[in-house]
Amino acid sequence: MDKTFVPTPVGGTITIPGSKSQTIRALLIATLSGETSIIHNALDSQDTQSCMDLCTQLGAVLTWNDNHDTLNCNATKIKNLKGSHTLDCGNSGTTLYLATGMLASLPGIFTFTGDGQLQKRPIGPLLDALEALGATIVRKNGTFPPFSIEGPLRGGSCSIECPTSQYLSGLLLACCLSKGDCNINVPLLYEKPYVNLTLQWMNEQNLYYEISADLQKAKTFGNQHFKGFEAMVTGDFSSASFFFCMAAIGKTKISVKGLNAQDVQGDKKILDILSQMGCTVTWEDTTVTLEGPQQLKGGTFDLNSMPDTLPILAVTACFAQEDVHLVNVPQARIKETDRIAVMHEELARLGAQIEEQEDGMTIKAGHPLHGGTVYGHDDHRVIMALSAASIALKDRLHLIGIDAASITFPSFFNLFDSIRGDVL
């Protein structure tokens, strides 16, 4: 499906859906607990549905309540997971990396696959680490899915480089289920806040581990298990970032409900970046209001801990009065697409002047964006970022291919339409 946008002022209040990262962690822990759990404010999207399908294949019974805002997980029928299982993770990298680690601790044979994009996302370092701890792995495509993995993990020591934090998150959760203690060395780690998110779940589960302040050395203690729980999923800062940036681009005010000021989600730091660019940020309970300035400032911004914000910050930078440098985010090239190259390509169609670096990009000031036709590349964050650009262009924007937005944010266009008009 395609969509055409007319440049139109925006403003108002929205409620953001639950965190994808939190929902997937909750689903996997609930399923492998073998007990019953209740997950409030769970996100219902293509990515989380991929995780739900995986959990169902393992034997969990998942049901939504009548208001479709609470998910019940009954995993009591999961007695053991021996035998062979083929698990399709769809487009969900989070599901792939976390489930690979967690299921490697079990005696069954699990074959992981996914869609075309997922089969291009590397997983070699995680497989190597799990192999060092006792898993048996059959690789069918080198360092990419599909592959098969069989546990259990016996424990021991491993070293893993993590250009995505999801490698370490999957490994930490796996090692708590190992038969023996595990020592993990992490010489390279990007996206550290998302490891803290995993540690938060481990703490809630009363799991025993030790980890250094820089998260690069960890020890987990074996023979632990997950327990059933009741938890509230907090609002998704990754999704909220698009609306914060619309306020910045549109020189307007947008309030986003459903967020937690104490949240450890990495993308919360976008509020700091937008503040540095001249925006005003106000918190009131669980609502964040962001007001854009008359002129956006430039600057140099390190996105290593928040790579998913690169597409929307690249768009926002095109409206700044000074050059913007988005740096230290090489992992943006191994997401659903090479997001550095894709954003360079699509924003150039609209008149942007961008210098692409291996680990980021420089957006040159003084080159106002005009309208035109751009492509979504089947990448949900690219689609939503380019849609946000439309509010301040000089002419209409025609976006080819918007369906993938539902991978993480199925209500995005409804919420977008609710704070603007004249969308065709």
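The values are calculated or read from the model by the stated rules, or taken from the named source; none is laboratory data. Just so it is clear, the model here is predicted, and its values are computed rather than measured. Glycine also receives a Cβ, built like all others from the backbone with ideal geometry; neighbour counts cover every protein chain displayed.
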Against the condition crowded, with 20+ Cβ neighbours inside 10 Å, part of a helix (DSSP H, G or I) and modelled with pLDDT of 95 or more, how does V256 come out, does it pass? no
Selection status of I149, in a strand (DSSP E or B), out of contact with any Lys or Arg (no Cβ under 8 Å at 6 or more places or on another chain) and surrounded by 18 or more Cβ atoms within 10 Å (Cβ to Cβ): yes
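Would you please name the residue that is nearest to the chain's Cα centre (by Cα), looking only at residues in segment 102-127 that are assigned to a loop (DSSP other than H, G, I, E, B), of a type outside the set (S, T, N, Q) and over 16 Å from K335 (Cα atoms)? Let's see the steps before the verdict.
First, the residues of segment 102-127 that are assigned to a loop (DSSP other than H, G, I, E, B): 104-108, 114-117, 121-123.
From the residues that got through so far, the ones that are of a type outside the set (S, T, N, Q) too are 104, 106-108, 114-116, 121-123.
Still in the running and over 16 Å from K335 (Cα atoms): 104, 106-108.
On the way: A104: 22, L106: 26, P107: 29, G108: 28 Å.
Applying the filter and picking the extreme gives A104.
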Show me the strands (runs of 3 or more DSSP E) entirely contained within segment 356-424 in which 2 or more residues are out of contact with any Ser or Thr (no Cβ under 7 Å at 6 or more places or on another chain) and surrounded by fewer than 21 Cβ atoms within 10 Å (Cβ to Cβ). 372-375
Condition (residue is within 15 Å of L32 (Cα to Cα), surrounded by 23 or more Cβ atoms within 10 Å (Cβ to Cβ) and of a type in the set (S, T, Y)) applied to segment 52-72: is it met by at least one residue? no
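Out of all the residues in segment 336-355, which are among the aliphatic types (A, V, I, L, M) and part of a helix (DSSP H, G or I)? Working first, answer last.
First, the residues of segment 336-355 that are among the aliphatic types (A, V, I, L, M): 340-343, 347-348, 350, 352, 354.
Residues satisfying the conditions are I340, A341, V342, M343, L347, A348.
How many residues does segment 266-287 contain that are touching a Gly at 6+ places or on another chain (Cβ under 9 Å) and under 25 Å from Y194 (Cα atoms)?
Narrowing segment 266-287 to residues touching a Gly at 6+ places or on another chain (Cβ under 9 Å): 273-274, 276-280, 286-287.
Those still in the list that are under 25 Å from Y194 (Cα atoms) too: 273-274, 276-277, 286-287.
Total satisfying the criteria: 6.
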Applying the selection to segment 93-111, what residues are among the polar types (S, T, N, Q) and at pLDDT 95 or above? T94, T95, T100, T111
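Evaluate the following for L215: is it touching a Cys at 6+ places or on another chain (Cβ under 6 Å) and outside any helix (DSSP H, G or I)?
Values: touching a Cys at 6+ places or on another chain (Cβ under 6 Å): no; outside any helix (DSSP H, G or I): yes.
Answer is no for this residue.
Among A231, A261, A240, A248, which is the only one that is modelled with pLDDT under 95 and touching a strand residue (DSSP E or B) at 6+ places or on another chain (Cβ under 7 Å)? Please lay out each step first, then the result.
Numbers: A231 fails: modelled with pLDDT under 95; A240 fails: modelled with pLDDT under 95; A248 fails: modelled with pLDDT under 95.
Every option except A261 fails the conditions.
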Within segment 128-144, is even one residue within 18 Å of T94 (Cβ to Cβ) and part of a helix (DSSP H, G or I)? yes
Please find, within segment 264-297, the residue that is nearest to Q321 (Cα to Cα) out of those that are out of contact with any strand residue (DSSP E or B) (no Cβ under 8 Å at 6 or more places or on another chain) and surrounded by 16 or more Cβ atoms within 10 Å (Cβ to Cβ). I270
When you scan segment 123-139, do you find a residue that is within 30 Å of H377 (Cβ to Cβ), of a type in the set (S, T, Y) and outside the structural domain of N304 (by TED's automatic domain parsing), even just one? no
I need a count of the residues in segment 23-47 that are within 12 Å of V233 (Cα to Cα) and in contact with a Ser or Thr (Cβ under 6 Å, 6 or more places away or on another chain). 5
